[in-house]
Structure formats: structure tokens, C-alpha cells
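Scroll down for the structure; my scribbles are underneath it.
The values are calculated or read from the model by the stated rules, or taken from the named source; none is laboratory data. Owing to the predicted nature of the structure, the values given are computational and were not obtained by experimental measurement. Quick reminder, even Gly has a Cβ in these numbers, built from the backbone with ideal geometry, and neighbours come from all protein chains shown. Ligands, DNA and RNA are stripped out before the accessible areas are found, and what is left, the full protein with its side chains, is counted by its heavy atoms. Shrake-Rupley method; radii C 1.70, N 1.55, O 1.52, S 1.80 Å.
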Amino acid sequence: MDCRGRKLPNGSSPYGEERNFLDYLYMFYWYTVSMDEKFMREAISLAQAAKAAGELPFGAVVVKDGQIISQGQCTIKSMSDVTMHAELSAISKACRLNGTTNLGDCTLYATCEPCVMCSSAIAQAGIQRVVIGSTRDDLPDIFHKRNIRVEQIFSDSELQVKIVSGVLRKEAIQLFNKDVK
């Protein structure tokens, strides 16, 4: 069968000449979706660990070439440091491990829409793709409305950041013990 479930003639390879552009586009789409979910599950696992440790349930991972190169979880309370957000921790570790402040070839996965501080760090690191589980709008009783959003910060930095929202949204919202509407 090809990637759309069509039967191929006996002896045909699913990678044979009968493939067309739409087949490849479809395969790329499903590969990307499954990889985004895989890495978001890692971020959610980190958020669950943070919550179990008495912290706020935020987790983040930085991915390069299909591999997690760093991870972070909220440690604000245990470190008595308001800057110890999951995203900042993951970005800082990725920069140290790569020996550079340019993470333009990386993707950041965050369980919740990054705050202004974390968004600024994403822009400073040059991260080109950000995958978000839940947004501030998903949790209006927890997060107050902001006049500055992540998209505005990226736009102001002149970066062309691709933002993918809603990956494992229900699971990300449930970190806050909220029912998904």
C-alpha cells in the first residue's frame, strides 16, 4: 500500500516510480505530526515531573536533527528564581551543549505558550520553529490576558518563526487539572 492506503500491484515497491508529489507531501505531513507529538510527550512528561515536585507544570525540550539535545522543567520554587522557566532552562542548556547562542537549526517544544521573557529568549537564540501544547487562551482562569503575544515578539525580532499550536492540547491543558472544552 502507498501512504494513502491504496493497493499497489504485486511486486511494486511503495517507493517505486508510481509515487507522486502528493504522496511525498502526505508522508512528510504524517512524519512531522508524529514527531511533534513524540517530542511534545517528552515535554509533558517533564511538566508532570515538575508538578510532582511541587512546581508549576511546565516542560520544554529543544530538538536538533530529530534528537532531543536539552530539556527543562519549571524550577521557580525550588531554585527561588523567577527566571527558572522550562523554556529558559532548555535553551540555556542547548546553548551550552552546542557551544553557541545560535539555535537556528533547532525546534523548541513547550507545553504551554511561552511567556514574554521566554519568547524573547527564543528570539535571541534564533530558534526558527516553536511547537506549543496549549495557549494562554486555553487557560483564561489561570493566565491573565496579555497585550503582547509570542507572535508579536517574534515579529519584532524580525525572525521568521514558525509557530505550531495545539499539539497534544488536551494533555497539556490537563496538566493544570482542567477539563478540556
- Query: Which residue pairs have Cβ atoms closer than 6 Å, lie 6 or more positions apart in sequence or on different chains, and pair a first residue in the stretch 38-64 that is more than 21 Å from Ala125 (Cα to Cα) and touching a residue at least 12 places away in the same chain (Cβ under 8 Å) with a second residue that is open to solvent by 50 Å² or more (accessible area, probe 1.4 Å) and assigned to a helix (DSSP H, G or I)?
  - Reply: Ile44/Glu171; Glu55/Lys77; Pro57/Lys51
- Query: Does Ser70 satisfy the criteria of being under 14 Å from the mean Cα position of the chain (by Cα) and of a type in the set (Gly, Ala, Ser)?
  - Reply: yes
- Note on the structure: Reported set for the stretch 104-124 where residues are more than 15 Å from the chain's Cα centre (by Cα) and under 17 Å from Gly72 (Cβ atoms) is Met117, Ser120, Gln124
- Query: Within the stretch 90-114, how many residues are part of a loop (DSSP other than H, G, I, E, B) and over 20 Å from Glu42 (Cα atoms)?
  - Reply: 5
- Select from the stretch 140-172 the residues that are assigned to a helix (DSSP H, G or I) and touching a residue at least 40 places away in the same chain (Cβ under 8 Å) and write down the one among them that is least open to solvent (accessible area, probe 1.4 Å). Ala172
